[in-house]
Amino acid sequence: MVTKSDEKAMTDLLRRIPSVDELLGDKTLQQLESELGHRIVVQAARSVLQGLREGITSGKIREFSAAALAEEISAAARDLAAYSLAPVINATGVILHTNLGRAPLAAKAVEHIGKIAGRYSNLEYDLGEGRRGKRDTHTDSLFAELTGAERTLVVNNNAAAVFLTLNALAEGGEVIVSRGELIEIGGSFRIPDICAKSGARLREVGTTNRTRLADYAGAINENTRALMRVHPSNFRVVGFTERPELAELADLAHRHHLPLIEDLGSGCLIDLRPLGIQDEPPVGASLKAGVDVVTFSGDKLLGGPQAGLICGRKEFLDRVRRNPLFRALRVDKLTIAALEATVRLYLDGTIDAVPALRMMRLPLEELTTRATWLAEKVRQNSSFSTEVEEGASVVGGGSTPGQSLPTRLVAVRHDRLSAQELEAALRENLPPVIARVERDRLLLDPRTVSEEQDAQIVQAFERVK
Ligand SMILES: *Cc1c(COP(=O)(O)O)cnc(C)c1O
């Protein structure tokens, strides 16, 4: 029940609420204003005052002080001024974590973006001829050297690459795909849906586990425009399985004057088997086997910026390039800058400069040393107990399913907080630390953490209250 005296106290309290102008006279807020700007501080003050008013009228707030208000406004202003897109520390051990931005770029790529971003460039200007050029030229010959492709086009991402390729080469006709390859990649990329939107009719052949060359051959008719192979990036069919070799499929397509298209998904530029990563065929191997058009992502195993690469025979690539959708799906100069710089590292043989590849190649001894150091440092705060244990990192990004890289994990427990609470507290750190929780322990994998971030992680634990 609200009594008369309650009501009076409330009215008094409401009357005491300072105006925004009065608040901005405060010394700390004036200093904040010079740092963050008038607009943000006023916006923060308004929202804090509104919260105060609501709190008083609902009876939740019965007292307040000017000093506490100023502090609340400072915090709100800093929140408003902070960038929404901000760096985080990835301690999950998932190298190509799609939610965390997939591949971190190489320092050379970042440097080159910095050079190009704030200036004019020869993006579409032929310096030799002094007239309009094409933005594809900057990476075309580099991919030719690395993969043997006659031409390479760059679009927004691999989903766009598949869509554009099907639209340009198969619209109004049929494209033949094995039932075992009608895949879905996370985030609603489904081969049947992309195919339908591209205007090509999907002609499914074979079964989920077995598709033979004769199945493709039997489905070819006068409406067929292409044969398509899709890399089952994020799953494996094992056991009683069969599918034709790429070279056989290419041969069949070519006998019918049709192109063979392959969506490779991750698409690596080098053989990753020495790193223990099987089943990720290099782009060059597909082209060599006779595939006419290969599509893949720029930010998966390649370790570059978000992009979709379309590599292959000139005759088909020219048709893709002339398609009006190419313009709608093209990439900007920053992507081209990052891609050119990344691909050059492969040509220079300095692939350890590509962070995603370096993380895959980190030796177990190095991971053990860093995990041990982290475990010791975190344990120095007596609230934490830590252990170093064997575990597995994953490549992620919808590549190399069922395969993992052996690593050393730091398992952390807190004497009062649950693993979930600890995980949430680390997410609130600046920079946020993203970790895994398993069997009520927080797990940190040093593989995806850069060495200079090790100390930041220790700090984040020190700040946990
Ligand atoms: C990842 C993937 C895609 C989508 O690539 P994005 O670059 O994320 O658009 C398409 N097909 C396959 C087989 C993939 O693995």
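The values are calculated or read from the model by the stated rules, or taken from the named source; none is laboratory data. All of these numbers come straight from a predicted model, not from anything done at the bench. Heads up, the Cβs are rebuilt from the backbone with ideal geometry, glycines too, and the neighbour counts pull from every protein chain shown.
Keeping to the stretch 252-291, report how many residues are more than 28 Å from the chain's Cα centre (by Cα) and buried (at least 16 other Cβ atoms within 10 Å of the Cβ).
Number of matching residues: 7.
For the stretch 197-208, state whether one or more residues are touching a Leu at 6+ places or on another chain (Cβ under 7 Å), within 16 Å of the ligand (Cβ to nearest atom) and not in a helix (DSSP H, G or I).
So far as the stretch 197-208 goes, yes, one or more of its residues are touching a Leu at 6+ places or on another chain (Cβ under 7 Å), within 16 Å of the ligand (Cβ to nearest atom) and not in a helix (DSSP H, G or I).
Can you tell me which condition Ala289 does not meet? The list is (1) within 10 Å of the ligand (Cβ to nearest atom); (2) of a type outside the set (D, E, K, R); (3) farther than 20 Å from Leu142 by Cβ; (4) at pLDDT 95 or above, and all the others hold.
(1)
Would it be correct to say that Ala144 is assigned by TED's automatic domain parsing to the domain that holds Val343 and either in contact with a Cys (Cβ under 7 Å, 6 or more places away or on another chain) or part of a strand (DSSP E or B) (or both)?
It is false that Ala144 is assigned by TED's automatic domain parsing to the domain that holds Val343 and either in contact with a Cys (Cβ under 7 Å, 6 or more places away or on another chain) or part of a strand (DSSP E or B) (or both).
List every residue pair whose Cβ atoms lie under 7 Å apart, where the two residues are 6 or more positions apart in sequence or sit on different chains, the first residue falls within the stretch 91-114 and is at negative phi, and the second residue, located anywhere, is more than 14 Å from the ligand (Cβ to nearest atom) and part of a loop (DSSP other than H, G, I, E, B).
Filtered contacts from the stretch 91-114: Ala91/Ala435; Ala91/Asp445; Ala91/Val449; Thr92/Ala435; Thr92/Asp445; Leu100/Val88; Ala106/Val354.
Go through Arg190, Arg229 for me and flag whichever is under 33 Å from the mean Cα position of the chain (by Cα), at pLDDT 95 or above and within 16 Å of the ligand (Cβ to nearest atom).
Just one listed residue meets the conditions, Arg229.
Evaluate the stretch 313-321: report whether one residue or more is at pLDDT 95 or above and either under 19 Å from the mean Cα position of the chain (by Cα) or aromatic (Phe, Trp, Tyr) (or both).
Within the stretch 313-321 (the criterion being at pLDDT 95 or above and either under 19 Å from the mean Cα position of the chain (by Cα) or aromatic (Phe, Trp, Tyr) (or both)), the answer is yes, since at least one residue qualifies.
Based on this model, can you work out whether Arg447 counts as surrounded by fewer than 20 Cβ atoms within 10 Å (Cβ to Cβ), touching a Gly at 6+ places or on another chain (Cβ under 9 Å) and at pLDDT 95 or above?
Taking the combined requirement at face value, the residue does not satisfy it.
Can you name the condition, by its number, that Leu334 falls short on among (1) within 16 Å of the ligand (Cβ to nearest atom); (2) modelled with pLDDT of 95 or more; (3) within 17 Å of the chain's Cα centre (by Cα)?
(1)
Can you tell me which residue in the stretch 156-173 is farthest from Leu260 (Cα to Cα), limited to those that are more than 9 Å from the ligand (Cβ to nearest atom) and surrounded by fewer than 20 Cβ atoms within 10 Å (Cβ to Cβ)?
Among those residues, the one meeting the criterion is Gly172.
So, of the residues in the stretch 164-180 that are touching a strand residue (DSSP E or B) at 6+ places or on another chain (Cβ under 9 Å) and part of a helix (DSSP H, G or I), which turns out to be nearest to Ile116 (Cα to Cα)?
Leu164
Picking from Glu421, Glu452, Glu390, Glu438, which residue would you name as being loosely packed, with under 15 Cβ neighbours inside 10 Å and under 20 Å from Gly101 (Cα atoms)?
Testing whether each residue is loosely packed, with under 15 Cβ neighbours inside 10 Å and under 20 Å from Gly101 (Cα atoms) leaves just Glu452.
Of these, Val205, Val237, which one is surrounded by fewer than 22 Cβ atoms within 10 Å (Cβ to Cβ), in contact with a Gly (Cβ under 8 Å, 6 or more places away or on another chain) and at pLDDT below 95?
Result of the check over Val205, Val237: Val237.
Which of the residues spanning the stretch 86-114 are out of contact with any strand residue (DSSP E or B) (no Cβ under 9 Å at 6 or more places or on another chain) and more than 16 Å from the ligand (Cβ to nearest atom)?
Matches in the stretch 86-114: Ala86, Pro87, Ala106, Ala107, Lys108, Ala109, Val110, Glu111, His112, Ile113, Gly114.
Assess whether Leu301 counts as being over 19 Å from Glu145 (Cβ atoms), within 16 Å of the ligand (Cβ to nearest atom) and of a type in the set (A, V, I, L, M, F, W, C).
It is false that Leu301 is over 19 Å from Glu145 (Cβ atoms), within 16 Å of the ligand (Cβ to nearest atom) and of a type in the set (A, V, I, L, M, F, W, C).
Would you confirm, using the coordinates I've provided, whether Arg131 is more than 21 Å from Thr350 (Cα to Cα) and loosely packed, with under 13 Cβ neighbours inside 10 Å?
yes
Can you tell me which of Arg344, Arg322, Arg313 is over 18 Å from Thr147 (Cβ atoms), assigned by TED's automatic domain parsing to the domain that holds His231 and either in contact (Cβ under 8 Å) with a residue 40 or more places away in the chain or out of contact with any helix residue (DSSP H, G or I) (no Cβ under 8 Å at 6 or more places or on another chain) (or both)?
Going through Arg344, Arg322, Arg313 in turn, just one is over 18 Å from Thr147 (Cβ atoms), assigned by TED's automatic domain parsing to the domain that holds His231 and either in contact (Cβ under 8 Å) with a residue 40 or more places away in the chain or out of contact with any helix residue (DSSP H, G or I) (no Cβ under 8 Å at 6 or more places or on another chain) (or both): Arg322.
Answer yes if at least one residue in the stretch 136-156 is touching a Pro at 6+ places or on another chain (Cβ under 8 Å) and of a type outside the set (Phe, Trp, Tyr), and no otherwise.
Yes: the stretch 136-156 contains one or more residues that are touching a Pro at 6+ places or on another chain (Cβ under 8 Å) and of a type outside the set (Phe, Trp, Tyr).
Only one of Gly267, Gly284 is over 23 Å from Leu213 (Cα atoms), of a type in the set (Gly, Ala, Ser) and either away from the ligand (no atom under 14 Å from the Cβ) or in contact with a His (Cβ under 9 Å, 6 or more places away or on another chain) (or both); which?
Selected residue: Gly267, the only one of Gly267, Gly284 that is over 23 Å from Leu213 (Cα atoms), of a type in the set (Gly, Ala, Ser) and either away from the ligand (no atom under 14 Å from the Cβ) or in contact with a His (Cβ under 9 Å, 6 or more places away or on another chain) (or both).
For residues in the stretch 424-435 being at pLDDT 95 or above and of a type in the set (A, V, I, L, M), which is surrounded by the fewest Cβ atoms within 10 Å (Cβ to Cβ)?
Taking the candidates together, the pick is Ala424.
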